[in-house]
C-alpha cells in the first residue's frame, strides 16, 4: 500500500500564525507516516528552522504567489500528491490555476485565516480589496474551503455566496508539546526578574488591524492606577515608528517595550501577568489560545471573528468593544485583580490541541478524497 501523499502550500517561513499552523499540521501528518511536502513560494524566514524532520521542502523560489503558479503546476504534474492544502486568498487562487494548468487529479483544500470582508475594507494593500471577489470567482473550483471559526464561515458565505456544502469549519491547531516545553524558558528581559512588576503582553504584526494604538492609550490610563505595570508588544510591522512616537507622547517610554519578532513568544506569554488582544478583526486569534495554554489570563476585543468563540463569550476572558481604550484598561485591571485560575485556562486551551484538531483534518481529508 502506497504512503498517503499531502502537500502544504504557503508563502514563507515568517513568524505568522498561518506558518505555525502549517508546520503543526505537517508534524502531525508525519506522525501518521504520511509523505509530507512543504511547498513554499519562497522558503525564507525564521521559522524555517522549525521544519519537522521527515518533511520534504519544495522551495519554488518565486518571490510572490503569481510567479509561483507555473512552478506549482510543474510540481503537481510531476509529484501528483493525493491532497494539497493551501492557505491565504492569493495562494488559494494560484493553487486553483496551477491545478488546471497541470491537469492534476488530486484534491485541493483551500483555507482562509482572516475575515475577508474586514481586510477588504481596511486593506494593507490594494490587493486586499480584491480578495472577496477572487474568492467568489475561483473557490468554486476547490474541493473544499476551510474556515477557522464559525463566525468567519458565516461572514464568508454572506460575501461570496458560495454554498454551505463547500465549507468546513476547523479551528486552528495550536497547543503542542513543543509549545508547552518552550513556555518553561525564562525570557531574557529584566522585567521578568522583578517580582513587583505586572507585565502586560501583546503580540502580532504592528499594523492597523491589531490596533495597538488603542492598547497604548488604555495602558496610559491604567498606568496612573498601577504604576508597577509594564507593557510589552512582540512583533514587527510598518506601524512601529508611529507606535514608538505615541508611547513617547503618552510619557510611556520607560514602561513600554517593543522587542520585535521573537522565535519563542510562549516564554513571554507564560511569564506575563496578562495577555491582551486589541485587534479590530481576526480570523481566529491563535495568540489567545497560546497564552491560555501557558496558563496566562487573557483579554480580547470582541472583534470578528474567533475571540468570542475561543473565550466562549467571556467565560474564559473579558471581551471589550473594539477601539474602546477605557473598557480595555478596566478589563486589564479587573483581570489582574481577579485572574482566572491557570488550570482552567489550560483545560480550555486543550480544545485546540494539535492532536484534537489534526483528527478533524484527517477525517475531512479522507471524506474529500473518498468523494
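We did not get these values from a lab; they are worked out from the coordinates using the rules stated. The structure presented is a predicted model; accordingly, all values stated were derived computationally and were not measured. Please note: Cβ atoms are built from the backbone with ideal geometry, for glycine as well, and neighbour counts cover all protein chains shown.
Full extension of the chain segment joining residue 367 with residue 264 gains 33.5 nm, where the gain is 0.36 nm per residue of separation less the Cα-Cα distance. Computed over the chain with a Gaussian network model linking Cα atoms closer than 10 Å, the most mobile of 35, 177, 144 is 177. Based on DSSP H segments of at least four residues, each scored -39500 (n - 2.57), the chain has a per-residue ellipticity at 222 nm of -12000 deg cm²/dmol. Between 227, 195, 341, the residue with the greatest mean-square fluctuation in the GNM of the chain (Cα pairs under 10 Å linked by springs) is 195.
Modelled spin-label separation between residue 326 and residue 59, with each label point placed 7 Å from Cα along the Cα-to-Cβ direction: 5.4 nm.
Mean silhouette area of the stretch 1-122, derived from the convex hull of its C-alpha atoms and averaged over all directions, reads 7.7 nm².
Between residue 127 and residue 100, the simple label model (points 7 Å from Cα in the Cβ direction) yields a spacing of 2.0 nm. Using 0.36 nm per residue and subtracting the Cα-Cα separation, the extra length available between residue 74 and residue 186 on full extension is 35.7 nm. Compute the label zone of residue 250 within the stretch 290-326: residues whose backbone N is under 13 Å from the point 7 Å along Cα-to-Cβ. Label zone hits: 323-326. Taking a ≥ b ≥ c as the square roots of the eigenvalues of the Cα gyration tensor of the stretch 177-351, is the shape rounded (a/c under 1.5), prolate (a/b larger than b/c) or oblate? It is rounded, given that a/c, with a ≥ b ≥ c, falls under 1.5. Extending 7 Å from Cα along the Cβ direction at residue 236 and again at residue 143 yields two label points whose distance is 3.7 nm. Taking the fewest neighbouring Cβ atoms within 10 Å as the starting point, the ordered list for 75, 361 is 361, 75.
By other beta-carbon atoms within 10 Å, ranking 83, 298, 41 with the fewest at the front produces 83, 41, 298. The ranking of 129, 20 from fewest to most other beta carbons within 10 Å of each one's beta carbon is 129, 20. Which of rounded, prolate, oblate describes the chain, given a ≥ b ≥ c as roots of the alpha-carbon gyration tensor eigenvalues and a/c under 1.5 marking rounded, otherwise prolate only if a/b is larger than b/c? The shape class here is prolate.
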